[in-house]
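Remarks on the structure that follows.
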Amino acid sequence: MSSLYQALAFEESKLRKAAQAVIAEIADIAWPERLPSLMPTLVNMLSNEASMVVHSSLSCLVLVAENFGAEDVERVASQLFPPLLSLFANEQVEIVVRKQALSVFTTCLVALASAGGEKMKGLMQAFQPVLDEWVGRAVAAMQHTAHEGGRSLRGIQIEAVKMLSSLASPFSKYFLEKSDAIMQAMWSLLSNASAEYERMHVRRSTEDEPVSDEEDEAGEDISLNTLLSEFSSLVMQMAEKTRLKKKVKIMMPSLAKLLLVFAQYAVSEMSLWEDDPAEFAAMEEEESFRSNL
């Protein structure tokens, strides 16, 4: 296994991704009994000075955690959660690393939810102090503007919304307790996003550089479309739970006003309409078909 662990630090990204996938497959079969070195090695890599190595270890941890059950999260929590939170909370750490640290934690949350019944209630009580810290920091990140200080925080915000979605259904009682802070963060996030959409897409001059979908340093999509998609999933998760429906009903009028901003055509779309109405109509029909699917 040592050669696979070493491959997580290779310069070539394809080799790193291949090593991550292989390690995750082996871990699913052999960990923890026949692969005790897995967690100590990956956790130790989280303190590496090279952010690329840290990100590679986190990406591997996401894949490993996708095969976790609730008992596996219990087994690794004390060893794994502190360094993850340290990375996520450190604003000096690269955005892609902070985002991936949150992604690992979210994957572990999903595994915890698989316990069900009284077992899940007991786990919830045990992990609540940790969860309070993560939710508080995720909510705070959602209330920043997406491009604060010249850095794009949208990747973290997208991951924060995903984390809240993973809480809304299985941990709805806890979600309800935190709902005031969460809903304020949701409103701030959508308000900032709608203002950005108007500024960068609706009011932008046709002479400006075209705005393309954004990607982070790891090549992952962090566009406004992705943010809105995850935001919609969160609202739907909330609406499906009886104890959260009332909160959604109260929130929807103000959110609907902000969502209407995104119904405006962008400058690029208006230019296409003026140049070729038939092509514009065809593209709209195709997008509608994809949405229905």
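The values are calculated or read from the model by the stated rules, or taken from the named source; none is laboratory data. Treat the numbers as computed from the prediction; the structure is a model and nothing was measured. FYI the Cβ positions are ideal-geometry reconstructions off the backbone, even for glycines, and counts take in every protein chain you see. For accessibility, only protein heavy atoms count, side chains too; no ligands or nucleic acids. Shrake-Rupley method; radii C 1.70, N 1.55, O 1.52, S 1.80 Å.
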Mean Cα-pair separation over length for the range 41-159, i.e. relative contact order, pairs under 8 Å, 6 or more apart, %: 25 percent
Computed accessible area, Trp187, all protein chains, 1.4 angstrom probe, square angstrom: 110 Å²
Candidate residues Ile156, Ile95: accessible-area rank, largest first, probe 1.4 Å: Ile95, Ile156
Accessible-area ranking of His144, His55, largest first, probe 1.4 Å: His144, His55
With all protein chains modelled, accessible area of Asp221 [1.4 Å, Å²]: 80 Å²
Rounded percent of accessible protein surface that carbon and sulfur make up, the range 80-140, 1.4 Å probe: 54 percent
Accessible surface ranking that places the most exposed of Thr242, Thr41 first, with a 1.4 angstrom probe: Thr242, Thr41
Three-way shape label, the range 38-166, alpha-carbon gyration tensor, a/c 1.5: oblate
The chain - accessible surface per residue (Å², probe 1.4 Å): 52 Å²
Rounded if a/c under 1.5, otherwise prolate or oblate - the range 81-139, Cα gyration tensor axes: prolate
Local electrostatic count, Leu80, Cβ distance below 13 Å [Lys/Arg +1, Asp/Glu -1]: -1
